[in-house]
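The values are calculated or read from the model by the stated rules, or taken from the named source; none is laboratory data. Since the structure is predicted, the reported quantities are computational estimates derived from the model, not experimental observations. Here Cβ is always computed from backbone atoms with ideal geometry, including for glycine, and neighbour counts include all displayed protein chains.
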Amino acid sequence: MAKIKYNVCVVTVTYGNRWAFLKQVIAQTLSFTQVAQIVVVNNASNYNVAENVKEFNSEKIIVLNNNENLGSAGGYKQGINYVGKNSIADFIWLLDDDNVPETNALNNLLNAWDEIGGADNKKALFCLREDRTNHIKIAQGENPYRYYLVPNNFMGFDIFNIINNQYYQLRDKFASKKSFKKQVQVPYVPYGGLLLHQSTIAEIGLPNEAFYLYVDDSEYSYRITQNKGAIWLVPSCKIMDVDQSQGLNYQPKLFHSRLLDQWNFRTYYAVRNRMYFYSRVVVKNKLVFGINKFLYLMYLKTVSLLSSKTKQYRQFLAAVNDGLEGKLGKANPGKFE
């Protein structure tokens with residue numbers, strides 16, 4: 001038997017009733033010879049996760065049970081912290097509980113690790129998830145800063161960048177399909193598919209549980225970039241999301257907004273945390289940011305009046321203000337119900 005060069009510990013977080021997805025992730029990752037351990041953080045699922053994983057009859061699986069849902073931030077913090085204190089694995093591979101890697105994904109990741117230069121604590125790798133259009137375009141050579149860290153934007157809106165965006169959309173419409181680059185650099189990424197060396201944790205710490213849900217992965221992985229490291233998207237390492245993300249089936253309607261039509265606790269946290277994170281990393285000119293904010297809010301307020309979503313607009317505005325004022329943590333349900 002060939003000697004295994006690297007050992008990998010998989011960390012995933014689950015909740016609710018997602019065994020149909022989680023068991024696919026476990027089955028696939030158990031098949032990888034480099035995987036020494038799988039840490040499943042159970043965020044108060046409504047079934048017995050520890051009992052269900054017994055069907056795999058594997059001592060590699062560790063279940064950490066929580067009596068309440070700590071959110072993605074608290075869950076991944078717990079899992080990463082556990083690995084740091086209890087595992088001698090070289091790498092931590094973060095996967096969502098519905099991220100099923102392709103058969104060769106981990107082999108390709110570890111081969112890429114050896115090929116890409118840089119100290120172990122100054123680089124990280126990320127798998128391609130083909131349902132993320134931006135990542136596809138970046139993998140084909142598009143400038144990642146077309147999508148990431150656009151200066152002074154508000155919820156993705158920038159009045160001074162409209163002409164550029166229209167040009168890009170027109171160009172994309174007629175552009176021929178491009179092949180993937182071997183690897184491309186991105187400033188931050190989601191948890192699902194991120195490979196970190198153990199030594200990186202000492203550099204960037206643990207996820208901030210105050211985010212609770214959403215954008216915590218962006219803030220966490222961006223610490224690598226801020227710490228003069230690099231995150232590399234490796235297109236040959238692919239992950240399939242076996243559950244569909246929220247909002248993908250939304251059908252746009254005239255005088256409606258997905259933000260308002262689908263307002264719920266997920267939307268609240270996504271807006272609040274995005275405001276907190278972005279206001280601290282992309283606002284270079286407060287006047288320009290203020291103009292973009294004013295115009296976007298005027299637009300959304302008009303839409304709320306036309307679509308009878310004024311309550312949701314007020315809740316959206318509260319989420320914006322909570323984020324800008326740094327009011328994080330698990331929110332009162334009145335913020336989104």
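All of Lys228, Lys173, Lys178 fail the test of being within 25 Å of Asn104 (Cβ to Cβ) and basic (Lys, Arg), apart from Lys178.
Residue-wise test of (1) closer than 24 Å to Asn111 by Cβ; (2) assigned to a helix (DSSP H, G or I).
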residue	(1), (2)
Lys5	yes, no
Val11	yes, no
Gly16	no, no
Leu22	no, yes
Val25	yes, yes
Gln28	yes, yes
Ala36	yes, no
Ser45	no, no
Ala50	no, yes
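Residues checked against (1) out of contact with any Phe, Trp or Tyr (no Cβ under 6 Å at 6 or more places or on another chain); (2) buried (at least 22 other Cβ atoms within 10 Å of the Cβ); (3) within 21 Å of Ala73 (Cα to Cα):
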| residue | (1), (2), (3) |
| --- | --- |
| Gln28 | yes, no, no |
| Ser31 | yes, no, no |
| Asn43 | no, yes, yes |
| Asn46 | yes, no, yes |
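How many residues, within the range 172-193, are β-branched (Val, Ile, Thr) and farther than 27 Å from Val282 by Cβ? Number satisfying all stated conditions: 0.
Filtered by the rule that a residue be polar (S, T, N, Q), more than 16 Å from Thr29 (Cβ to Cβ) and surrounded by 18 or more Cβ atoms within 10 Å (Cβ to Cβ), the range 64-99 gives Asn69, Ser72, Gln78.
Residues in the range 165-182 that are outside any loop (DSSP other than H, G, I, E, B) and of a type in the set (D, E, K, R) were compared, and the one that is surrounded by the most Cβ atoms within 10 Å (Cβ to Cβ) is Asp172.
Within the range 304-314, the residues that satisfy the criterion of being touching a residue at least 24 places away in the same chain (Cβ under 8 Å) and within 22 Å of Gly334 (Cα to Cα) are Ser304, Ser307, Lys309, Gln312, Tyr313. Being outside the structural domain of Val282 (by TED's automatic domain parsing), in contact (Cβ under 8 Å) with a residue 40 or more places away in the chain, buried (at least 21 other Cβ atoms within 10 Å of the Cβ) and among the small types (Gly, Ala, Ser) is a condition met by at least one residue of the range 100-120.
Among the conditions (1) surrounded by 12 or more Cβ atoms within 10 Å (Cβ to Cβ); (2) not in a helix (DSSP H, G or I); (3) not hydroxyl-bearing (Ser, Thr, Tyr), the only one that Lys284 does not satisfy is (1).
Can you find even one residue in the range 145-164 that is more than 30 Å from Lys293 (Cβ to Cβ), without any contact (Cβ under 8 Å) to a residue 24 or more places away in the chain and in a helix (DSSP H, G or I)? No, there is no match, as no residue in the range 145-164 is more than 30 Å from Lys293 (Cβ to Cβ), without any contact (Cβ under 8 Å) to a residue 24 or more places away in the chain and in a helix (DSSP H, G or I). Test Gly290 against the stated conditions and say whether it is surrounded by fewer than 21 Cβ atoms within 10 Å (Cβ to Cβ), outside any helix (DSSP H, G or I), out of contact with any strand residue (DSSP E or B) (no Cβ under 8 Å at 6 or more places or on another chain) and outside the structural domain of Cys127 (by TED's automatic domain parsing). Judged against the criteria, Gly290 is not a match.
Residues in the range 210-231: is at least one farther than 21 Å from Tyr6 by Cα and without any contact (Cβ under 8 Å) to a residue 24 or more places away in the chain? Taking every residue of the range 210-231 in turn, at least one turns out to be farther than 21 Å from Tyr6 by Cα and without any contact (Cβ under 8 Å) to a residue 24 or more places away in the chain. Among the criteria (1) of a type in the set (D, E, K, R); (2) in contact (Cβ under 8 Å) with a residue 40 or more places away in the chain; (3) within 30 Å of Asn121 (Cα to Cα), the one Arg280 does not fulfil is (2). Among the candidates Ile239, Ile291, Ile231, the residue that is touching a Pro at 6+ places or on another chain (Cβ under 6 Å), on the phi < 0 side of the Ramachandran plot and among the aliphatic types (A, V, I, L, M) is uniquely Ile239.
Among the candidates Leu70, Leu94, Leu109, Leu64, the residue that is in contact with a Cys (Cβ under 7 Å, 6 or more places away or on another chain) and modelled with pLDDT of 95 or more is uniquely Leu109. Of the residues screened, Ile88 is one that is of a type in the set (A, V, I, L, M, F, W, C), modelled with pLDDT under 95 and under 30 Å from Asn7 (Cβ atoms).
Applying the condition of being in a helix (DSSP H, G or I) and among the small types (Gly, Ala, Ser) to the range 54-83 and asking which residue is nearest to Pro207 (Cα to Cα) yields Ala73. Might you let me know whether the range 293-303 holds any residue that is crowded, with 17+ Cβ neighbours inside 10 Å, among the hydroxyl-bearing types (Ser, Thr, Tyr) and free of Cβ contacts under 8 Å to residues at least 60 places away in the same chain? No, the range 293-303 has no match at all.
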